[in-house]
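Okay, so here's the structure we're looking at.
Please treat every number below as a calculation from the coordinates, not as lab data. This is a predicted model, so every value here is computed, not measured. Here Cβ is always computed from backbone atoms with ideal geometry, including for glycine, and neighbour counts include all displayed protein chains.
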Amino acid sequence: MQGPNSAPVEAWHRELCEVTDWLYLCGDLPPNPDLAAAQLEIWRAAGITDIVDVREEWSDEDLVADLAPEIRYHHLGTHDNGGTQSPRWFAEGLEALHTALADPYAKILVHCHMGINRGPSMGFAFLVDQGWRPVEALAAIRAARPIAAVAYATDALAAHHRRREVGTEHAAAQHREVRAWMSANDIDTATVIRRIRAAS
């Protein structure tokens with residue numbers, strides 16, 4: 001399995017991926033302190049102003065505060081067990097988004113561990129909140145980050161519909177579109193995860 005330009009899938013783990021001029025996706029910082037500092041410097045050089053870390057299992061808040069104190073850090077940890085994500089989690093993410101976007105020069109990096117499900121799903125919630133059509137948001141995320149499965153997209157969409165009080169018929173139609181897109185653009189996440197783990 002290869003990514004665009006014949007890049008191996010595992011190379012996308014910590015690749016900084018620009019979805020829009022204000023939204024970026026990536027995997028996490030490496031556990032090695034020197035490698036973490038080098039990765040964080042890449043993020044700083046890209047102009048990242050806010051990090052939204054959605055890992056339940058770890059936080060780099062102290063590291064970021066020490067090495068890049070100018071970057072705002074939002075830790076919104078959640079599971080990645082394949083179950084549902086709560087509307088509250090997405091609401092907390094949107095609160096961080098709106099806080100960040102008060103800065104007209106904001107560049108927001110959303111990441112989980114590998115950048116496959118949790119981070120891209122929160123990124124999807126951000127785009128939909130900003131007026132993107134759900135399937136267009138999914139396509140933009142996948143184009144920027146080919147390993148993004150966005151497994152919790154339907155949870156994000158359901159939370160969006162509740163928050164905006166979207167009518168039943170329109171909500172159902174959007175859910176059908178999202179499910180159809182995900183079915184037509186399915187990726188082998190088990191292989192992606194296995195290859196990233198093997199390369200780490």
Highest-MSF residue in the chain out of Pro104, Pro69, Pro146 [GNM, Cα springs under 10 Å]: Pro104
Inter-probe distance in nm under a simple model that places probes 7 Å from Cα toward Cβ, at Asp66 and Val166: 4.3
Distance in nm between pseudo-label sites at Leu101 and Ala46 (7 Å out along the Cβ direction from Cα): 1.9
Helix-only [θ]222 nm of the chain, DSSP H runs n ≥ 4, -39500 (n - 2.57) each, per residue, nearest 500: -15000 deg cm²/dmol
